[in-house]
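**Q** This is the structure I have questions about; it appears just below.
The values are calculated or read from the model by the stated rules, or taken from the named source; none is laboratory data. From a predicted model like this one, the values you see are computed outputs, not experimental measurements. Cβ: placed from backbone, ideal geometry, glycine included. Neighbour counts: every protein chain shown. Remember, those area values only see protein heavy atoms, side chains included, never the ligands or the DNA or RNA. Shrake-Rupley method; radii C 1.70, N 1.55, O 1.52, S 1.80 Å.
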Amino acid sequence: MAKIQFRIEGHLENVALVGQAINTICTSVCSTSTAYQVEIAVVEICNNIIEHAYAQSSGMIDIALLLNGTELQLEFTDTGAAMPERLEAAPTLDFDPEKREELPEGGMGLFLIDTIMDSSETRRIQETNVLTVRKQLRTRQ
Amino acid sequence: MSLIQTQQDPNALIVKVVQTRLDAKIAVNFKEEMTKLINEGNHKLVLDLSGVDFIDSSGLGAIVTCLKVLGRKGDLVIAGVKNDVMTMFVLTRMDRVFQLFPNSEDAAKSLAA
């Protein structure tokens with residue numbers, strides 16, 4: 001079991017670095033395409049924290065990566081405003097591709113996280129938000 | 001920091017993204033630069049993503065905004081999407097919204113009057 005911890009200041013310019021680092025770690029056990037999808041989820045989670053939890057404040061994002069065989073667990077902790085509890089229903093992305101005026105410009109982040117990761121759980125512990133996501137990584141062929 | 005470079009083709013304005021990541025960090029500025037081009041009368045656009053390695057939902061949302069700003073008075077097609085970036089288009093079903101071409105020349109031809 002390997003555990004690696006990252007800490008970044010909650011600014012958008014820092015998100016790429018942590019996304020790329022986790023992508024690289026994942027490629028040690030899974031395909032590059034799966035690792036790329038994990039990077040997408042990491043980026044969307046960090047963006048959400050910065051744009052929502054830290055919308056009115058600033059702070060750090062702590063990310064703990066736990067790799068147990070091919071089971072990946074990522075835990076994101078921030079000290080920003082309370083984030084909504086996990087939605088009862090999975091976020092959807094319903095639109096008619098032909099109706100240009102109704103296409104979604106936002107709201108795709110939660111859908112992507114939910115689609116890419118196997119599970120997610122949000123907790124408010126004292127003054128911190130803790131989001132835990134897990135994914136079973138397919139082994140590299 | 002320049003985000004895009006433009007090249008006038010007989011059939012369209014080719015707009016090449018010159019950053020390797022089209023993400024939340026630059027999405028707002030990208031949207032502003034693209035909207036300016038549209039408001040200057042460029043209604044047939046090829047967005048060349050051949051230099052982009054990563055796109056997040058903010059970057060994708062900014063491209064959707066451009067399409068909505070164009071409305072029915074023009075069109076925006078996309079060229080040169082790398083396999084990894086295509087993942088984002090497929091996951092969000094935006095591959096059904098945008099016409100995607102392997103290169104900007106073919107994309108521009110598709111916009112010929």
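**Q** Step through the residues of the range A:2-7 one at a time and calculate ³J(HN,Hα) from phi using the Karplus curve (6.51 cos²θ - 1.76 cosθ + 1.60, θ = phi - 60°), rounding each to whole Hz and writing x for Gly and Pro.
**A** So the J values, rounded to whole Hz, are 10, 10, 10, 10, 10, 9.
**Q** When all C-alpha to C-alpha distances in the range B:4-108 are sorted into bins of 10 Å, what percent of pairs does each bin hold, rounded to whole numbers?
**A** Over the range B:4-108, the share of Cα pairs per 10 Å bin runs 16, 55, 28, 1 percent.
**Q** When 1/r is averaged over all different Cα pairs and the result inverted, which Kirkwood radius in Å belongs to chain A?
**A** 15.8 Å
**Q** Using alpha carbons only, what's the Rg to Rh ratio of the protein assembly as shown with Rh from Kirkwood?
**A** Working: Rg = 19.0 Å, Rh = 19.1 Å.
Looking at the protein assembly as shown, the ratio lands at 0.99.
**Q** Once the piece of chain linking residue B:40 and residue B:1 is laid out straight, how much longer is it, given 0.36 nm per residue of separation minus the C-alpha distance between them?
**A** Details: separation 39, 0.36 × 39 = 14.04 nm, distance 2.12 nm.
Stretched out fully, the residue B:40 to residue B:1 stretch lengthens by 11.9 nm.
**Q** To continue, here is another question. Residue B:50 accessible area, nearest 10 Å², 1.4 Å probe?
**A** That residue has around 50 Å² of solvent-accessible surface.
**Q** Just to be sure I understand the rule: take each whole DSSP H helix in chain B, project its Cα atoms onto its long axis, keep it if the span is 18 Å or more and its mean Kyte-Doolittle hydropathy is at least 0.5. Which ones pass? Write down the numbers at each step before the final one.
**A** Numbers: long enough: B:24-39 (23 Å, -0.07); B:57-70 (20 Å, 1.54).
Taking the DSSP H segments of chain B (at least 18 Å long, mean hydropathy at least 0.5), we get B:57-70.
**Q** For n ≥ 4 DSSP H runs only, could you compute -39500 (n - 2.57) per run for the protein assembly as shown, divide by its residues and tell me the 222 nm figure to the nearest 500? Don't skip to the answer; put the middle values down first.
**A** Numbers: 7 runs with 84 residues, N = 254.
Calculated at 222 nm, the ellipticity per residue is -10500 deg cm²/dmol.
**Q** Sort B:68, B:82, B:36 by heavy-atom solvent-accessible area, probe 1.4 angstrom, most to least. Don't skip to the answer; put the middle values down first.
**A** Numbers: B:68 60, B:82 80, B:36 130 Å².
Putting B:68, B:82, B:36 in descending order of accessible area: B:36, B:82, B:68.
**Q** Right, something else. For the cross-link pairs A:3/B:16; A:99/B:16; B:16/B:68; A:3/B:31, which exceed 28 Å when the distance is taken from alpha carbon to alpha carbon?
**A** A:3/B:16; A:3/B:31
**Q** Additional query: Just how large is the dipole of the range A:2-136 about the Cα centre, in debye to the nearest 20, putting +1 at every Lys and Arg Cβ and -1 at every Asp and Glu Cβ? Don't skip to the answer; put the middle values down first.
**A** Values: 9 positive and 21 negative charges, 115 e Å.
Using only the charged Cβ atoms, the result is roughly 560 debye.
**Q** Further, regarding this structure: Assuming R0 = 45 Å, what is the FRET efficiency of residue A:25 and residue B:68, from their Cβ-Cβ distance, to the nearest 0.05? Spell out each step's value before the answer.
**A** Working: r = 38 Å, r/R0 = 0.84.
Efficiency computed from Cβ-Cβ geometry: 0.75.
**Q** Over all pairs of distinct alpha carbons, what does the Kirkwood formula give as the hydrodynamic radius of the range B:35-93, in Å?
**A** By the Kirkwood definition, the hydrodynamic radius is 12.1 Å.
**Q** At 1.4 Å probe size, what's the solvent-accessible area of residue A:17? Round to the nearest 10 Å².
**A** 130 Å²
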